[in-house]
1. Given region 9-82, what strands (runs of 3 or more DSSP E) lie entirely inside it while holding 3 or more residues that are closer than 18 Å to residue 104 by Cβ?
2. Residue under question is residue 96, and the condition is that it be outside any strand (DSSP E or B), under 13 Å from the mean Cα position of the chain (by Cα) and surrounded by fewer than 18 Cβ atoms within 10 Å (Cβ to Cβ); does it hold?
3. With the checklist (1) under 19 Å from residue 21 (Cβ atoms); (2) without any contact (Cβ under 8 Å) to a residue 24 or more places away in the chain; (3) surrounded by fewer than 19 Cβ atoms within 10 Å (Cβ to Cβ) in hand, flag the one item residue 56 doesn't pass.
């Protein structure tokens, strides 16, 4: 089966069409395009694309994310986050690269440093090792 110019072999991606809603945890291997509604958690090393009709309210941990629709939650992207012209993001972003097009909406915080990690799956913060010779604030060290 061909999807546009994509071949069904090796380049297949998962597609969640408009009018479809999923709640829970989603993982995928080759990539995913969302034009429906997703609530919950999304995990993959591949790319996630939120189409113009897509709405996601989730904790997302992916390789890359491209947003043309609406996103609420926390994004952790190993490669990059792209918010396109009509894309809307309400929440925090953890990624080494953030691209925001003119006309896009972003309300939240972005962290592009490797020293600050997002919350773990259980909701607690990950421990960040202190640099040698330095103490943490409030420890009273010299």
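Each value in this text was obtained by applying a stated rule to the coordinates, not by laboratory testing. Note that this is a predicted model, so its numbers are computed, not measured. Neighbour counts are summed over all protein chains in view; Cβ atoms, including those assigned to glycine, are modelled from backbone coordinates with ideal geometry.
1. On the way: elements: 14-16, 21-27, 32-34, 37-43, 47-50, 55-67.
Strands (runs of 3 or more DSSP E) meeting the threshold: 47-50, 55-67.
2. Numbers: outside any strand (DSSP E or B): yes; under 13 Å from the mean Cα position of the chain (by Cα): yes; surrounded by fewer than 18 Cβ atoms within 10 Å (Cβ to Cβ): yes.
Against the criterion (outside any strand (DSSP E or B), under 13 Å from the mean Cα position of the chain (by Cα) and surrounded by fewer than 18 Cβ atoms within 10 Å (Cβ to Cβ)), residue 96 qualifies.
3. (3)
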